[in-house]
1. What does the structure give for B:167-174 when I average, per residue, the other chain Cβ atoms found within 10 Å of the residue Cβ?
2. Given q = 0.08, 0.13 Å⁻¹, what are the Debye log10 I(q)/I(0) values for chain A, with equal point scatterers placed on the Cα positions and solvent ignored?
3. Starting from the Cα of A:Glu157, step 7 Å along the direction of its Cβ; do the same at A:Ala12; then give the gap between the two resulting points in nm.
4. Any chance you could list the semi-axes, whole Å, largest first, of the equivalent ellipsoid that the Cα gyration tensor gives for region A:108-154, using √(5λ)?
5. Going by alpha carbons, how many degrees (0 to 90, nearest 10) lie between the helix axis of B:14-23 and the longest principal axis of chain B?
6. Long-range amide H contacts for A:Leu220: which residues qualify at under 5 Å (H placed 1.01 Å from N, peptide plane, sequence gap of 5 or more or a different chain)?
7. Which residue, B:Val238, B:Val210, B:Val146, tops the fluctuation ranking in a GNM of chain B built on C-alpha contacts under 10 Å?
8. Whole-Hz Karplus ³J(HN,Hα) for region B:33-50, in order, using 6.51 cos²θ - 1.76 cosθ + 1.60 and θ = phi - 60°, x for Gly and Pro?
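What follows is calculated from the coordinates using simple rules that are stated; it is not laboratory data. What you see is a predicted model, and the numbers here were worked out from it, not measured in a lab. Because the Cβ atoms are built from the backbone with ideal geometry, glycine has one as well, and the counts that use them run over all protein chains shown.
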Protein chains: 2
Amino acid sequence: MVVGGHEDHSGARRILREFVRLSGGFAARIAVVATAAEDPAAAAAAYVDAFASLGAPARAVRVADRREAGDFAVADLLRQATGIFFTGGDQLRITAMLGGTPCEAALRQAHGAGAVVAGTSAGASAMSSTMIVGGRSDASPRREVVRMSPGLGLLPELVIDQHFAQRGRLSRLLAALAQNPGLLGVGVDEDTAFVVDGDGVLRVVGSATVTVLDGRGVRLSTASEADLDQSLTLTGVVLHVLSDGYRFDIRARRPYPPAPEGAE
Amino acid sequence: MVVGGHEDHSGARRILREFVRLSGGFAARIAVVATAAEDPAAAAAAYVDAFASLGAPARAVRVADRREAGDFAVADLLRQATGIFFTGGDQLRITAMLGGTPCEAALRQAHGAGAVVAGTSAGASAMSSTMIVGGRSDASPRREVVRMSPGLGLLPELVIDQHFAQRGRLSRLLAALAQNPGLLGVGVDEDTAFVVDGDGVLRVVGSATVTVLDGRGVRLSTASEADLDQSLTLTGVVLHVLSDGYRFDIRARRPYPPAPEGAE
C-alpha cells in the first residue's frame, strides 16, 4: 500500500482504516517503522495511536541505525507482523539503515507471506526498485530535476512520486520515466493511496487521485543524449488519472472501473 | 505564436527574435497590445523597446477599453501590422475589451492575411476558443480547479495553459481536457513558445518544454458525473513533452523531430 502523504488522521481515516482491514482488522499485528522520520519516537507513536483508535493492535518497531536493523529480535517483530507501516521523513534513511540487514530480509519474508507493507510519503517512495529521493518541481523535465537512488524493490516495475498534485511533481516523474520508459511512473496525491494485490492490480483509495504514466509506448526519449540541464523530449506517454476505487492492471497496463459493490 | 511567459529579454532573446523574424524582420510592422496588463503603458513600452533593440519597428497600440477597441483608426493599426504581440496580465481583460469590436475583427483579418499573432502568459491563454482564466495548482484534477471563459479562438482546437512546469499546472489542464477530450491540451513552460504554421503544425522554440495532452483516445472521463469538488478519473490521455525544435501536427496528433538544418 503506497500513500501519497498527509492521509486523514482525524476524519473518516479511509486510508488508515483500509490498511487496518487489509492487515487483518482486530486480529492484525501491526508494526510501525519510523526510520525515515526526524523524530522517530513521535512519528511512530502517532501511528500506533491512530491504529489503536481504529481497534487494531500496533507497536512501534524501532530501527534507528544499522545496528538495530541487524538485531534478530527486531527482525522477528517484522517477520511476525501482518501489516508493516513506514512513516514519512527521508526515504534515504529507510534504505541506508535497512538495506541488506536481517530487518530487510524479514520485511521481504513477511511481504512474501502476505503481510501488507505500506508507506506514506518517504515510505511510499522507498517501495520501488529505483526511488525518487529529491528534485525540483518548478522546472521542465530535465535529468537534473530528479535524483534517484536504489529503493526497497517491493514494487519493482514502478517509480513512485508522492504529494504529486499538491507539489506539482509531473516534471520529475517524467524525467525519471524518460530514463527508462519501461517503468510505470505513479504519482500519488496527498490523502490518497493505492493498494497492489497479488495479481499486480493497483486500486486507488482516498480523496484525490493517482496519476499513472505508462512509458511502454514511448517513441522517443532524448534522455541519453541530453545534458543534465537540457530540457528533454519524450513522446507517447499514456497518462491515466484514477480516483477512488478505480483500478489499473500493472502487467497489462490497463485501467479498470471500480469493482462492483460487494466484490473484492 | 504562443509564449509561456517570462521569455528572455536580455540574453539571446530567442523567442522575441523568432517573433521578429516571422513578422518580417527589418520590414516588420509590429503592434504591441498591452490590454491585459495592469500598467499597459509600461508593459507596451518594454516590448516596443525589446523589438526595437532587435531591429524591428514596433509601436504600442492602446486598447484600454471597449471605446478604444471600437475606434476604426486603432483597428487599422492592427489590420496593417505584420506582427501583433499581446503582453501578459489578465486574459479576461483581452476578451472583455476586444470581444466583438472592430479591433477584434481587424485582428482576425490580419491573422487571416498572414500576420503573426503572438501572446505571452495571459496573451497566450487568450488564443484558444475556450481559455483557462484561473484555478488551483495544488490539488488533484477536479472540475473546481479550473475556470474557463470564451477566448479569441485563433487556435480553436487547443486549450492552453502557461507557466506550465514552473507553476505545476497539470491538474487544471487535465480538468479542462476531461470536460472535452476532443481538445488538445497544451502546457507551455516559461521562456518557451510554440509557433503554429498554416498547416497546423506546432513547433517549439525556447529553453524549456511544451507539454501536449492529446485527449482523443480518452476511454473514460468522469467529468459529467462528478461534483465540482470531486476528484476526476480520466484514462488514455497521450502525453508528449517537446523541447526546442520538436514539432507536433495538430490535426494528425503526431509529434515530429526537428526539421533538418536549413529547412523551414
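1. Mean inter-chain Cβ contacts per residue within 10 Å come to 5.
2. -0.30, -0.79
3. Inter-label distance under the simple model: 3.0 nm.
4. Equivalent-ellipsoid dimensions as semi-axes: 28, 10, 6 Å.
5. 60
6. Hits under the 5 Å cutoff: A:Thr235.
7. Top of the fluctuation ranking is B:Val238.
8. 3J(HN,Hα) across region B:33-50, in whole Hz: 10, 10, 4, 6, 6, 6, 10, x, 4, 5, 5, 5, 4, 4, 6, 4, 5, 4.
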